[in-house]
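Just below is one structure, and these are the notes that go with it.
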Amino acid sequence: MARPPPRACLLRVTREAYTTYTKYSMSQADKEELKKQLNVALSLKNKIKETPAGEHGPLTQQLRDTCTRCMDLAKTAEVEHGRALALEMHVFARLTDLTNKHEEEDEPYTALEDDIKESSKIASEFGDRALENRLLELQANIYLRIGRPDKEIDCIQSACKIQRTVPKMMALLDAYGRMLDSLFSTPKPDTDLLLKYNAEYWEVYLWLREEGSNRGFNKDQFVRADKRRAAHLFKVALYIGSFAGNPLHGGKEEENVKMGMDAFDEAIWVAGVLDNKEYLCAATAHRASILYHKLNPLEKQELLSNLKQMQEKYEPDNNELADLIESITRGPLSGNSS
């Protein structure tokens, strides 16, 4: 018969078992409390998103305090995923505060990036694509606030790879518009970057026009709701039309010509929706300058007559239509028929 273990050994084993059980019980309790507090934080976050800017009152501070509590619990319970979720909502609260204060300095915004990177790393490890997506949107908002449209574009593109939605694609279009504004604000815009961002803008717009229309995207509303958006679309359509239709840029190929004419049609459509005579005359002039080379002599005379009628009817402030009429009348364009 085996001898029973010494009393000291029994006491040690009992203490170890009790300690393990106590840690397990505390850990389980912490996990339950963490889950509860994360739900409280999510509820606060949703309430902030539903509340008009400037009327958040104590909500953002409550969210920050709740997230801090969550991060402490997550650390104690060794729940990294919970800590990542809390970090994301904590950044959301701080960014909301900065936005409400109309903070103009870059540093308070960029100070949030370390927490975004840390949360994103954990999200990636756990395969939480939804969390990664939310973090990318937060990062994009930071770049929006500090005036870095190039970085904003990168973030939204990454978010669209996770899930492509109409709101994201519209945000991407807006970011491209800001990037083009930034390029045009320099004395000598980089022509390669102009081509890149105009082409990428157009690609996103075509997706919204063709795929987005089945997901709630309304072209007319998009143009009417925001004059700046309308201006971006109009300018890009003219750029794409002129570039694709130009013989020097492949405009002799049918596919490119079709793309260019589609872009011009879209520019003319924007002008019609806004009832903007300046847009209409500019778009017509750009389109006619490309088409003119492809017409026979009789068609050229008819086009010139139509252009003169338009100039007389609208008397636009911009000179593009008048310059084209003068160029055709004096003959520089007439020798380039194909």
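Things to note:
- Cα convex hull volume per residue for segment 197-338 (Å³): 114
- Net +/- balance of residues flanking residue 136 in space, Cβ distance below 10 Å, scoring K and R +1, D and E -1: 0
- Net charge of Cβ neighbours under 15 Å - reference residue 55; Lys, Arg +1; Asp, Glu -1: +1
- For the residue pairs 75/101; 117/151; 235/277; 101/161; 75/151, the C-alpha atoms sit more than 21 angstrom apart in 75/101; 101/161; 75/151.
- Residue with peak Gaussian network fluctuation, the chain [Cα springs, cutoff 10 Å], from 192, 150, 174: 192
- Table column - 3J(HN,Hα) (Hz), segment 282-296, Karplus curve with 6.51, -1.76, 1.60, x for Gly and Pro: 5, 5, 5, 5, 5, 5, 5, 5, 7, 5, 3, 5, 9, 9, 7
- In the chain, helices alone account for a calculated mean residue ellipticity at 222 nm of -26000 deg cm²/dmol, with every DSSP H run of four or more residues adding -39,500 (n - 2.57).
- Fraction of the pair-distance distribution of the chain above 38 Å, Cα-Cα pairs, percent: 40
Laboratory data are not the source of any read-out in this text; all were calculated from the coordinates shown. Just so it is clear, the structure is predicted and the values come from calculations on it, not from any experiment. Using ideal geometry, Cβ is built from the backbone for each residue, glycine included, and neighbour counts are taken over all protein chains shown.
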